[in-house]
Amino acid sequence: MGGLSAAFTTDFLISFALVAIILIMLGLIANLYSELSTVKKRYKKMMANSEGDSIEQMLASHTNTVNTVAEEHKKLYGRISNLEELVQSSIARVAVVHFDAFEKTGQGLSYCVALLDRNNNGVVFSLICGQEAERAYAKPIEDGRVSDKYKLTREEEQTLRKAMSN
């Protein structure tokens, strides 16, 4: 009887091991099915708005779009660089000072105007108004200073400082 019991126990252990393996396999199959289901949902969501029927067609479409956007980016970057250069040389600082050039006029009809770019290059205009005559002057400004050829009046210097402080 001892042999029957040993055979029964061995058969029982083998059967138990097979059932355990089958249960583990069923668990793995269920897990794989769940993951496959998730992948299918993601694939359908990804392909929902695509023009093609396959990932390859969708990727080709996206690649074309990315290439088009890259070309547009290059063009826009070039235009922005040109605009930045233009802005650096455009008038950015302006000041106006009115004054009485002659004691008896008293109406503040004379004035100076400073027009400068961001690098303090530009011009100072002056208009001196008297009762019988008017005179206009223009003096170039480089790096916030007038050249040695010209001398700024007190009012022109005031206008230049005011423009550079803007």
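Each value in this text was obtained by applying a stated rule to the coordinates, not by laboratory testing. In this text, all values refer to a predicted model and were calculated from it rather than measured experimentally. Glycine gets a Cβ as well: all are built from the backbone with ideal geometry, and neighbour counts include every protein chain shown.
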Which value at 222 nm does the chain reach when only helices count, each DSSP H run of 4 or more adding -39,500 (n - 2.57), with the total divided by all residues and rounded to the nearest 500 deg cm²/dmol?
-> -20000 deg cm²/dmol
What's the local net charge at T38, with K and R +1, D and E -1, over the other residues with C-beta under 14 Å away?
-> +4
Answer label, with Cα Rg over 2.2 N^0.38 Å calculated from the coordinates and candidates (i) 1.24; (ii) 1.20; (iii) 2.83 = (iii)
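What's the lysine pair count for the chain at a Cα cut-off below 28 Å, pairs eight or more apart or interchain?
Close lysine pairs found across the chain: 8.
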Most mobile listed residue (A17, A92, A70) in the chain, GNM with C-alpha springs under 10 Å = A17
TM-like helix rule applied to the chain (DSSP H, alpha carbon span at least 30 Å on the long axis, mean Kyte-Doolittle at least 0.5) gives 2-47
